[in-house]
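Everything below concerns the one structure shown next.
The values are calculated or read from the model by the stated rules, or taken from the named source; none is laboratory data. Small disclaimer: the values here were computed from a predicted structure and weren't measured. Positions of Cβ are generated from backbone atoms using ideal geometry, with glycine treated the same way; all protein chains shown enter the neighbour counts. These area figures cover heavy atoms from the full protein model, side chains too; ligands, DNA and RNA do not enter into them. Shrake-Rupley method; radii C 1.70, N 1.55, O 1.52, S 1.80 Å.
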Amino acid sequence: MSFKLGIFESIPDSFLKNLQEVVETVDLVGKEVYLIENEVDEMDGVLIKSTIRVNEDFLNVYKNLRVVIRAGTGLDNIDLDLLARRGVRLISAPAANAESTAEFVLLQILCLTRNMFQAIESVRSRNFNRDVLMGVDLQTQTIGIIGFGNVGQILARKLNLFGVNVLCSDHDLSKREVAEKCGATFYEQLGDLLELSDVISLNASLNEFSRDLLGPGEFAQMKRGVKIVNSARASLINNRALLEALESGIVASCAVDVLDPEPPFYNPLEMTQYAHTLLDHPAVFVTPHIGASTEQAQNKIGREIVAALTAYLGKQSK
Ligand code: MLT
């Protein structure tokens, strides 16, 4: 069966080669989705990550889509009800990058608690004053994980090895049992976790209930000087409230791997034009959504996606 798959985001060569053994691929990386003129009607599937929104407008252009491949975990950029209504199959790799993301969050936490970002910037400008770079031992810290899915659970286990007092919270109260197994204390009330945490890591998925999960009221409940890590989705935090909390000293520093809107990953001109209030804030350290950027995570995603696509095509041809 012939199947044309538009690839909108970059993937490892081995993943691409394996895909090409089962489908025909069209390279659309970095292309403006609504300006692609040829082949749009012929596209049977698209492969995306987090930058492209699959909504009504998108499906009205890519009318004949049968499959949307999300090469990763988060589904907040995809209208799932719409896909279901139109009979478009979703293929994703929900847990394939959890280990790499948890490891990255650990790195962000360590960088904040040891002032690593500031230290590097300071030395680059030939300032070697280490007195202002005093950090804290992780084993003295209470770290609150908001959202206790795959990433949150792996993170909790890793933090335990550092002797951290790990707290967690999730809208799904059945996570209490899992939390115990991961060595984390579960808090039904988010406010309790906010009051106790020295560092807060967001690891929830973004949906209509979790948007702006941290707003002015939540920042007001936090310890003064708290550090915030966000490798999940930017819109979990109300940006204006975060800026105010930084201004007032409630938040001491912040490491974010995710911005809203996502920055342009493929176009150098658009990169230079991209603006965001967090980018130049002296206490905010931004990375370009690299939590899942390890060879192992990307290869695992590739294996899971190719297996699922092959199974789907096999069923269709019967
Ligand atoms: C994910 O949701 O899988 C990660 O945020 C990485 C990505 O967007 O691909």
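Per-structure values
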quantity: Cβ-Cβ under 9 Å pairs, at least 6 apart or on other chains, region 96-117 side outside the structural domain of Leu75 (by TED's automatic domain parsing), far side part of a helix (DSSP H, G or I) and aromatic (Phe, Trp, Tyr); calculated: Cys111/Phe117
quantity: Residue that is surrounded by the fewest Cβ atoms within 10 Å (Cβ to Cβ), among those in region 22-44 that are touching a residue at least 60 places away in the same chain (Cβ under 8 Å) and away from the ligand (no atom under 16 Å from the Cβ); calculated: Val22
quantity: Residue count for region 1-21, restricted to those that are open to solvent by 50 Å² or more (accessible area, probe 1.4 Å), away from the ligand (no atom under 16 Å from the Cβ) and in a loop (DSSP other than H, G, I, E, B); calculated: 3
quantity: Pair list, Cβ under 9 Å, 6 or more apart: region 282-293 residue open to solvent by 50 Å² or more (accessible area, probe 1.4 Å), other residue aromatic (Phe, Trp, Tyr); calculated: Pro288/Phe265; Ile290/Phe104; Ser293/Phe104
quantity: Top-ranked residue in region 45-64 [being outside any helix (DSSP H, G or I) and away from the ligand (no atom under 16 Å from the Cβ); ranked as farthest from Arg86 (Cα to Cα)]; calculated: Gly45
quantity: Residues satisfying the stated conditions in region 224-249, i.e. in a loop (DSSP other than H, G, I, E, B) and crowded, with 17+ Cβ neighbours inside 10 Å; calculated: Ser231, Ala232, Arg233, Asn238
quantity: Only one of Ile305, Ile301 that is in contact with a Lys or Arg (Cβ under 9 Å, 6 or more places away or on another chain), of a type outside the set (Gly, Ala, Ser), within 13 Å of the ligand (Cβ to nearest atom) and in a helix (DSSP H, G or I); calculated: Ile305
quantity: Among residues of region 172-222, those that are outside any helix (DSSP H, G or I), among the polar types (S, T, N, Q) and open to solvent by 40 Å² or more (accessible area, probe 1.4 Å), counted; calculated: 5
quantity: Unique match (being open to solvent by less than 90 Å² (accessible area, probe 1.4 Å), free of Cβ contacts under 8 Å to residues at least 60 places away in the same chain and touching a helix residue (DSSP H, G or I) at 6+ places or on another chain (Cβ under 8 Å)) among Gly87, Gly135; calculated: Gly135
